[in-house]
Amino acid sequence: MLKTKKNAEGGTSLFRNTFIQTILMSNILLQTGIWIRNFAILMYVTDMTGDDPVAVGLMGFVEFLPIFIFSFIGGTFADRWRPRLTMIWCDILSSISVFAVLLTIIFGSWHMVYFVTFISAVLSQFSQPSIMKLFKQHVKPEQMQSAMAVFQSMSAIFMVVGPSLGVICYQRFGIEVSVGIMGVAFLLSALVLFRIPSDKKIEKAPAASVRQIWGELSAGVSYVWKSPVLKSLGGTFALAGIAVGTVQVLSIFVVTERLGQEKGFLQYMLMTNGVAMLIGGALVMTLAKKIPPQKMLAFGMLISSLTMAGVGLSTSVPLTLGLQFISGLGFPCIQIGINTMILQWTDEKFVGRVNGVLTPMFVGMMVIMTLVAGNLKKMYPLVGIYCAAGFAMLLGMLLLVPLFKYKFQQQPQPPQSKLETVPEG
């Protein structure tokens, strides 16, 4: 009884946390803008180019290339700057860039929709590491995995409603109104973030020279390289990036070619996936303290590898939707497992740089694959491409198996002393 009461109080205190309340409110606004952007711009580009796979692939390229380039820099500066103010300024600048692009669209330059994605991707590389640092500061270690599950569940909700929101917005109001809503959503998110408790008092860092920034970045690389958990996670990231980058660009062609449906049917696939993510997120919340994050991540990647291949092979709408549902059940395991591993095995002062080192492992491969996926589609069957992507995800999962023997130490210790090889069972 005492244990049950303690767990219930722990869950209640998590939602009473001002940071958790605020970051969820901000995420609702950001997700609204992001999903309208994703689908409105996708539909707009396909309409303007006649469903050109290279043009669709270019959307992914301009999104992920700046992530690959700026994540090193963003992670390093996130460790130097105050995370709360960094997030606020990133949302404000995103909003300004959206309204600037809206003006160019109104005056007839449709290609500038690529610019919205580019700027948003650059700014996210300064904002995302700051979110991780704030989680580290404002969430208790024993609540970390549950907090990540709650945060992921919000994304799952928008996987359900977001696609329809984007499609309806574009079809009813057009690209100009859709882009305008994006700008307002980003601006409101910035205002909401002022509710986050003030940043910790930190010693003012001296003006950073190129040599200093490079030294701090090198320290982050060294930190990851010396950690067996983080180093293996980097390899997993790279292989997952190859898989995700390939199928993300080509998913619309699964709808039109394998299933024989209209482009708009893609929203129903994502909605099915999102419903499952919501259910999976709830399940992960109940099991978060019982399953080590590396095992949770491996399980999620195994599910993803099998369903990727299955979606490529399927020509049946019910079967494809079923596979999307199963994939969605496993996805929270991937997201929550990754974030929890990074936060558990990284000292707070290195969180930004570790993100800056690991993210390019994933995004770099995504950049390459989004750039070439359109050309691969012209040379190879869609089935073969999806099966190859599933195999890459399976290899990434196998890299995690040696990490099953490691157990996280709750007490703060030197960076490389947080790992202890212990028998489990």
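The values are calculated or read from the model by the stated rules, or taken from the named source; none is laboratory data. These figures come from a predicted structure and were not determined experimentally. Cβ coordinates were reconstructed from backbone atoms using ideal geometry, including for glycine residues, and neighbour counts include every protein chain displayed.
Key figures
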quantity: Search result, residues across the range 254-277 that are under 17 Å from Gly384 (Cβ atoms) and buried (at least 19 other Cβ atoms within 10 Å of the Cβ); calculated: Val254, Arg258
quantity: Options Phe331, Phe325: the member that is within 27 Å of Leu266 (Cα to Cα) and surrounded by 21 or more Cβ atoms within 10 Å (Cβ to Cβ); calculated: Phe331
quantity: Hits in the range 31-49 - residues which are β-branched (Val, Ile, Thr) and either under 16 Å from the mean Cα position of the chain (by Cα) or surrounded by fewer than 21 Cβ atoms within 10 Å (Cβ to Cβ) (or both); calculated: Thr32, Ile34, Val45, Thr46, Thr49
quantity: Residue among Thr22, Thr32, Thr49 that alone is in contact with a Lys or Arg (Cβ under 6 Å, 6 or more places away or on another chain) and at pLDDT 75 or above; calculated: Thr22
quantity: Some residue of the range 279-299 being under 19 Å from the mean Cα position of the chain (by Cα), buried (at least 18 other Cβ atoms within 10 Å of the Cβ), over 15 Å from Ala149 (Cβ atoms) and modelled with pLDDT of 85 or more; calculated: yes
